[in-house]
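Right, one structure below, let's go through it.
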Amino acid sequence: MSEESKVIKNAVCTFCGCVCDDIELTVDPAGKHITKANNACVLGKAWFLEHKVEDYPVALIDGKEASLKDAVEAAAQIFVSAKFPAIYGLSDTTCEAQKEAVAIADYVNGNIDTTTSVCHGPTGMAFQGVGESTASLGEIKNRADFVMYWGGNPAEAHPRHFERYAVTAKGANTPNGKDDRHVAMVDIRPTPSSLIADTFLQIKPGSDFELLWAMRALVKDAALDDSVEERTGISKAVLEELVERMKNCQFGVIFFGMGLTMTRGRHFNAGALLELATDLNQYTHFVALPTRGHGNVTGADNVVSWQTGFPFGVNFNRGYPRFNPGEYTTSDILGRGEADALCVIASDPASNFSAKAIEHIKKIPVITLDPKPTVTSSLAKVAFTTATYGINVPGTVYRMDNVALSLRPAFDSPFPSDQMVLKAIKERVCELRGLNQTTKTTAA
Amino acid sequence: MKLVLHTQPEVPLEAEVISPDFLNGKTADEVAALTLFHGNNEVPLSEFFDVSGEIENAHIEVEGDLTKVKLLGHKMSDGSLTIKGSVGAHLGAEMTGGEILVEGNAGDWIGREMSGGRIIIKGDAGHLVGSAVRGSATGMLGGEIIIQGNARNEVGNGMRRGLIAIGGDSGDFTGVNMKAGTIFVLGKLGQRPGAGMIRGSIISTQSAELLPTFTYNTTFQPSFLRNYMIYFRKLGLDIRKEYIDGEYQRWSGDSLELNKGEILLYAD
Ligand code: SF4
């Protein structure tokens, strides 16, 4: 170990879906923690600076310390003896690990789902239903002169979204940053984000769909009843002015968050917004993008889609992939008491699912992979401690606009990566089931 | 022939073979040997059901708490299936003929993509009655679904033809994206009925809050409703006299589409 601090340029922060790839990390000479994280926002700084390699056991079986090999064996046994094993989580790990998880689901004829099902799952359903008009954040930075945020609070949830991509960012056709843009916000209450808006629409809770439908009617010149003001709290005149502005911009974008997708109407809300963006293309260039939360939740969608044909909520019970949100999404499966084994990677359903679902988690064998103990891992039959992606583990992650980025880890961890553990489980599962694997490599 | 559930499945049981089309001409022993999917496990039907009697007039009776049993009456084209108990998802999916009677409640997706026949549910139904599957634009293509109790969201999503009648309330987005066909809700419609509808009729005997893309046309006495209402009475729905003879408001929409759909609301 050298006596000098190590500096890593252009490191990637995976704390939120912005996935900033311009962070400069300084690692202390002992190579055990990060002392500086230049360019990162408060959330990113906390993510890097508070990361320490703790002295947890690498694996626990029934709460007792176990070797990695024994834990892999126990996990594989759970998988092969289950009739409806469910795999869940995956938004805070690398694409390489996600790929192994899909392979396991396929080999054991199980169910695979990601945290997308509890955040932007409705958006995925809307993409399938009505399509999407999209762009990369780079294009938006360079071109967008109308930016709208709907049902989200980026100032607090994605702190660098404004400066790096969409509001104050200076681009080729937006050299003056915010002065070259009109920023609109739609939310049910003022937030720190709405302070920067040129237009802020405070709408009545639960009226997003009506408002989007009314805006579509104005864009399409269709009949619109005056009841819209009473229902949404926004007058027709205000809407007309806004829609005129949207029609007349050069390049417009709407970012939307969980305030839209997780409130009553869900996938129809997301679909209505995507259709509004599509309708506006009659007049100008317009795109819409979900603002994704977890660092690599977008990667999870991409990997699961690439391998199964569907983004989340996929079931292999019959040997081929079937997609049906509501039927194969984890919160629903557990709520109805359907799965008989659960493997959770980098997520904590036992702390945020419904009481019924948590009741069921307590009844079935659970496997967890996480860098730190969680409520779910405390209930687990087999709990692995894994290294943290981005800080200790290299690999690929996807930014919220589906751009793939390579991680630049800062220092090594004594723990195995999610990918190593999942791969070892996969290989053992194949041995137990007598399946031939196409790519056989040494297990961790 | 009678099938009685003797063991509760631990995980969902996919039983698309329990349909008159598959069972016709088979003996009780042959039926008992048919394969079901218990999660990812293939099991003989006898592991969960006792089978007795012979099939007469293509009639099958299934008894027990079938809430974890999916796909009963899948693709059936003829005959009748009586279910004594509550039943799980995808009942009568893709059916083309025959009749299913459920004496309890039903799960989600009943009669999805059906094109003929009739389903009667004496209790409540789940989400997506007579709807399209995700990723498809077209739901039910024909036939009838009668729910005596309540139904949840997205009744008749994308339906193109056929009739759905709900004795109680329906959930949100009733008749969303419907292309044609008829939906009756004798109780209250949930939020946003008829969103994106192209043609077709949604009728309710209660007042409802409609989307701003629906416009009021007139109040009248639709003579065709009478025939429907009398028909529903025969099928066991409780129809008050004033709903048969009363006046209804007519609203047209969805203006974002062709504006050729109608929502009729009883005007008292
Ligand atoms: S905006 Fe997100 S990705 Fe960027 S530094 Fe902050 S937390 Fe990390």
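The values are calculated or read from the model by the stated rules, or taken from the named source; none is laboratory data. Remember, it's a predicted structure, so these values are computed and weren't measured experimentally. Reconstructed Cβ throughout: ideal geometry from the backbone, glycine too, with neighbour counts over all protein chains shown. Ligands, DNA and RNA are excluded from the accessible area calculation, which covers all protein heavy atoms including side chains. Shrake-Rupley method; radii C 1.70, N 1.55, O 1.52, S 1.80 Å.
For the stretch A:34-140, list the strands (runs of 3 or more DSSP E) that sit wholly inside it and hold at least 3 residues that are open to solvent by less than 40 Å² (accessible area, probe 1.4 Å) and farther than 18 Å from residue A:13 by Cα; which are they?
Because the criterion is at least 3 residues that are open to solvent by less than 40 Å² (accessible area, probe 1.4 Å) and farther than 18 Å from residue A:13 by Cα, the strands (runs of 3 or more DSSP E) in the stretch A:34-140 that meet it are A:85-89.
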Counted residues, the stretch A:172-198 - those being within 16 Å of the ligand (Cβ to nearest atom) and not small (Gly, Ala, Ser): 2
Of the residues A:42, A:19, only one is of a type in the set (A, V, I, L, M, F, W, C) and within 21 Å of residue A:387 (Cβ to Cβ); which? A:19
Which listed residue, of A:293, A:299, A:257, is touching a residue at least 60 places away in the same chain (Cβ under 8 Å), within 16 Å of the ligand (Cβ to nearest atom) and either farther than 23 Å from residue A:197 by Cα or facing chain B (nearest Cβ under 9 Å) (or both): A:299
Please state which one of A:265, A:337 is out of contact with any Lys or Arg (no Cβ under 6 Å at 6 or more places or on another chain) and over 30 Å from residue A:72 (Cα atoms). A:265
Residue A:12 vs. criteria closer than 21 Å to residue A:94 by Cα, touching a residue at least 24 places away in the same chain (Cβ under 8 Å), near the ligand (Cβ under 7 Å from one of its atoms) and not assigned by TED's automatic domain parsing to the domain that holds residue A:169: no
Reported set for the stretch B:11-49 where residues are within 12 Å of another protein chain (Cβ to nearest Cβ) and buried (at least 18 other Cβ atoms within 10 Å of the Cβ) is B:11, B:12, B:13, B:14, B:16, B:36, B:37, B:38, B:39, B:40
Can you tell me which of B:198, B:244 is over 13 Å from residue B:263 (Cβ atoms) and within 14 Å of another protein chain (Cβ to nearest Cβ)? B:198
Take the residues in the stretch A:23-33 that are open to solvent by less than 50 Å² (accessible area, probe 1.4 Å) and within 13 Å of the ligand (Cβ to nearest atom), then tell me which one is farthest from the other protein chains (Cβ to nearest Cβ). A:25
Checked the stretch A:237-269 for anything among the hydrophobic types (A, V, I, L, M, F, W, C) and more than 16 Å from the chain's Cα centre (by Cα); matches are A:237, A:238, A:239, A:242, A:243, A:246, A:249, A:251, A:253, A:254, A:268
Here is a list of conditions, (1) open to solvent by less than 10 Å² (accessible area, probe 1.4 Å); (2) closer than 23 Å to residue A:156 by Cβ; (3) away from every other protein chain (no Cβ under 14 Å), and residue A:174 meets all of them except one; can you say which number that is? (2)
With the requirement that a residue be surrounded by fewer than 24 Cβ atoms within 10 Å (Cβ to Cβ) and not β-branched (Val, Ile, Thr), what does the stretch A:379-394 give you? A:379, A:381, A:387, A:392, A:394
List the number of the failed condition for residue B:176; all other conditions in (1) β-branched (Val, Ile, Thr); (2) open to solvent by less than 10 Å² (accessible area, probe 1.4 Å); (3) closer than 18 Å to residue B:146 by Cβ hold. (3)
Criterion: surrounded by fewer than 19 Cβ atoms within 10 Å (Cβ to Cβ) and either touching a Cys at 6+ places or on another chain (Cβ under 6 Å) or part of a loop (DSSP other than H, G, I, E, B) (or both) - qualifying residue of B:104, B:139, B:130: B:104
Give the residues of the stretch B:201-213 that are open to solvent by less than 20 Å² (accessible area, probe 1.4 Å) and within 14 Å of another protein chain (Cβ to nearest Cβ), sorted by residue number. B:211, B:212, B:213
Identify the residue in the stretch B:252-264 that is open to solvent by 50 Å² or more (accessible area, probe 1.4 Å) and either touching a residue at least 60 places away in the same chain (Cβ under 8 Å) or part of a strand (DSSP E or B) (or both) and, among all such residues, is nearest to residue A:130 (Cα to Cα). B:257
Residue ID - most open to solvent (accessible area, probe 1.4 Å), chosen from residues in the stretch A:212-239 that are closer than 23 Å to residue A:144 by Cα and within 13 Å of chain B (Cβ to nearest Cβ): A:220
Return the residues of the stretch A:251-260 that are open to solvent by less than 10 Å² (accessible area, probe 1.4 Å) and assigned to a helix (DSSP H, G or I); say none if nothing qualifies. A:260
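Go over the candidates A:157, A:169 one by one and state the one that is within 16 Å of the ligand (Cβ to nearest atom), open to solvent by 20 Å² or more (accessible area, probe 1.4 Å) and in the same structural domain as residue A:254 (by TED's automatic domain parsing).
Within the list A:157, A:169, the selection yields A:157.
Do you know which of the residues in the stretch A:2-19 that are open to solvent by 10 Å² or more (accessible area, probe 1.4 Å) and in a loop (DSSP other than H, G, I, E, B) is nearest to residue A:394 (Cα to Cα)?
If we take residues in the stretch A:2-19 being open to solvent by 10 Å² or more (accessible area, probe 1.4 Å) and in a loop (DSSP other than H, G, I, E, B), then A:13 is nearest to residue A:394 (Cα to Cα).
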Mind checking whether some residue in the stretch A:130-152 is within 14 Å of chain B (Cβ to nearest Cβ) and closer than 30 Å to residue B:68 by Cα? no
Evaluate the stretch B:58-75: report whether one residue or more is among the acidic types (Asp, Glu) and free of Cβ contacts under 8 Å to residues at least 60 places away in the same chain. no
Of everything in the stretch B:214-242, what is within 20 Å of residue B:147 (Cβ to Cβ), open to solvent by less than 90 Å² (accessible area, probe 1.4 Å) and in contact (Cβ under 8 Å) with a residue 24 or more places away in the chain? Give them in sequence order. B:225, B:228, B:232, B:235, B:236, B:237, B:239
